[in-house]
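Every read-out reported here was derived from the displayed coordinates using simple, explicitly stated rules and does not represent laboratory data. Quick caveat: nothing in here was measured; it's all calculated off a predicted structure. Here the Cβ is made from the backbone with ideal geometry for all residues, glycine too, and neighbour counts use every protein chain on show.
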Amino acid sequence: MTRRTRVGPLASRPHDAERLDIDALLADRDTNIIVCCGAGGVGKTTTSAALAMRAAEQGRKVVVLTIDPARRLAQSMGLTELDNTPRPVTGFDGERGGSLDAMMLDMKRTFDEVVEAHASPEKARQVLANPFYQAVSSSFAGTQEYMAMEKLGQLHADARRTGRWDLVVVDTPPSRSALDFLDAPERLASFLDGRFVRLLMAPAKGPVRLLSAGLGVVTNALTKVLGAQMLRDLQTFVAALDTLFGGFRARAEQTYRLLQAPGTAFLVVAAPQSDALREAAYFVERLAEERMPLAGLVLNRLTPDAVPGLDGADAAAGAARLERHHEHPVTAHLLRLHAEAAATADREEHLHRRFTAAHPHVATAAVPALPGDVHDLDGLREIGELLAGPAAA
Amino acid sequence: MTRLHIVTGKGGTGKSTVAASLALALASGGRKVLLTEAEGRQGIAGLFDVPPLPYSEEKIAVAPDGGDVYALAIDPEAALLEYLDMYYRLGRAGRALDRFGVVDFATTIAPGLRDVLLTGKVYEAVRRKTRKGSERHVYDAVVLDAPPTGRITRFLNVNAEMAGLAKVGPVRNQADSIMRLLRSPQTAVHVVTLLEEMPVQETGDALDELAAAGLPLGTVVVNMARRNDLDDRALTAAESGRLPDKGIRAGLEAAGLDADGAATQAMVHGLQALGQAHAERVLLEQEQRAAVAKLGRPVTELPRLNETIDLGCLYELAAELREGGLA
């Protein structure tokens, strides 16, 4: 990872974060794309689904693109197969004229569709049969990011054209880093323009003797490392990409600009742990660098303050006293639990304040932890209410 | 005997913490262990509270009763140049590849080649001997903090994929050797989970996929298991919100925490609600514990530590892992 300069205030006092008004964001008709990003395991998919459902119940026409939902959550939304087709979710409240469609990303199929849409049937058959294409489209990590961007662009264009949706909510792939998702279009574009592609294409375009000495060295080295057969397959693949994906590059750049447009809102999702918040800080800084509109931070699974008026330290002391006398074991246990929860809540608040000190302009929606897992529409509705905050509940 | 321990788990289950603790546990008793991470997140440096790791093997901790843990954050670009140099002695041509964007292509643009390089570097570290011709390995064990469950099989199997692309030649040979190591009894893939529905389900899915790919399964590590001191009767009562007011009120009084009527009543209600949420989670955990037992793998449980994970915690968890028989 390259070293990066921190962006943020040079001096800032710790203060409470501004509240992120989720309902205002969803009600704003100018918001037409919401992207949820963040580290793995912080509840991105659930947050996306809950936001989509809340928006739909408030009258928006929503499609939510999920990447890898938990099985039961997917089933509850009627997503039984990974087939790239947005399907209506039944069982939500459509009284206010909203609609809700959901789909799961099938990266291989998305890739195949792009090929089929942009090549002659003969050429498409060739590409689909190329071993490099098969490996890249189905099993190599990283493809998901490209395809999520492609699908987002398609959904947005469909929404514009047909008027079927006025809000696209996107869950991002559980990437190894923020870079993968944001960089996908840029990377593809720079690859297709790069010297390497020209190098691979060179033998197909002109006699080898016309190549410069430097090129000759490289081609020889590649043949030595890859072997002639593999290099030929790679060349065929890249040649196909080049002719096919001129349009792909243009669309990738378009999607990138779409992400920068004011109608897009990024939500950075985190859990109150230091590594997740570190990743969140990284996202916030990265989005600012790319001039992408950040709506705020969703801080999931905060430890709730269950016993108002009882200090954590007092509870611990009280528990110790009961334990010493072997009295009231149940109360002692409850007091212990409270003391631990209070200490955890303090730690989480401390982490959040540190984040806010570094990023004072990032509004936060804080979501308390629920005892159980969310796997039905009622659960999503509950999360939606918690996201909107106490005033809206 | 296992020399390569691969640690995976759903995001948020604490797989990096478990990998680090496992490295400490394996090193104790005077052994030398390499802890590597493949995701470029510098998670090891964060856990051990040291500056970001360069692309070199640095000693970052000593284990109880002697033993060293070295750490390495694998940088795919450096790994590729090293690989080209080591196997092909490319020299000037290697630098030319770099200039023409081939290195960039291989490490960032071509999805998947990164995984080939990462697994290749791990393979090299596992097999490295103290000197040429020696039978002694540099590292007694290597622990890999691997990608999460959703991607682990694809990650480990990437060399089989490579073998499909390169029918013959050096790339093919290298890919085959890596797959041989990964599928041998020298390797074990451990899966970290929480006692929650989603991670347990993903653990089961990952175990099935790994087994189908012929990769050797290790232990299921249950992380952050909740402590519970309530007996079954109290737990059932707590779950339905029926812990008696009177008992809690008397407990508060005995603990010296009672106040005037309304404030005490509020505390009683708060504690009941807390007890209810706790019972709900504990009962869910019991259900999931049974589900984990059905996976048919050895299981080791680590307690939930109510503090920010620091080096002290890692030692504590390392001791638990040793007791659990994982090291």
*Using Cα centres only, tell me the gap between region A:246-307 and region A:315-393 in whole Å.*
24 Å
*May I ask you to sort B:Thr236, B:Thr264, B:Thr187 by Cβ crowding, counting other Cβ atoms within 10 Å and putting the fewest first?*
B:Thr236, B:Thr264, B:Thr187
*Is there a simple number for the mean count of other chain Cβ atoms within 10 Å of the Cβ of residues in B:264-275, and what is it?*
5
*Spatial separation of Cα centroids for region B:132-184 and region B:274-296, in angstrom*: 37 Å
*Short version: ³J(HN,Hα) in whole Hz for each residue of region A:29-35, in order, from phi by Karplus 6.51 cos²θ - 1.76 cosθ + 1.60 (θ = phi - 60°), x for Gly and Pro, what are they?*
5, 6, 6, 10, 9, 10, 10
*Estimated vicinal HN-Hα couplings, Hz - region A:216-222 in sequence order (Karplus 6.51, -1.76, 1.60; Gly, Pro = x)*: x, 4, 5, 4, 4, 4, 5
*Which percent of Cα-Cα pairs in the protein assembly as shown sits in each 10 Å bin, short to long?*
3, 13, 22, 25, 20, 11, 4, 2, 0, 0
*Among beta bridges that DSSP assigns inside the protein assembly as shown, antiparallel share in %, nearest 5*: 10 percent
_Helix-derived mean residue ellipticity, 222 nm - over the protein assembly as shown, DSSP H n ≥ 4, -39500 (n - 2.57), to 500_ = -17000 deg cm²/dmol
*List the lysines whose alpha-carbon lies under 22 Å from that of B:Lys15, not counting same-chain residues fewer than 8 positions away?*
A:Lys44, B:Lys32, B:Lys59, B:Lys121, B:Lys294
*region B:98-240: radius of gyration over Cα atoms, expressed as a fraction of 2.2 N^0.38 Å*: 1.41
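Give the whole-number value, in cubic angstrom per residue, of the convex hull volume spanned by the C-alpha atoms of chain B. Please list the in-between numbers first.
Details: hull volume 55.5 nm³, N = 327.
It is 170 Å³ per residue.
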*Under the definition of partner shielding as Cβ atoms of other protein chains within 10 Å of a residue Cβ, what is the mean value for peptide B:3-12?*
3
*With a/c under 1.5 counting as rounded, go ahead and sort region A:297-393 into rounded, prolate or oblate using the C-alpha gyration tensor (a ≥ b ≥ c being the square roots of the eigenvalues; past the cut-off, prolate if a/b is larger than b/c, else oblate).*
oblate
*Calculate the mean, over all residues of peptide A:305-312, of how many other protein chain Cβ atoms lie within 10 angstrom of the residue's Cβ.*
5
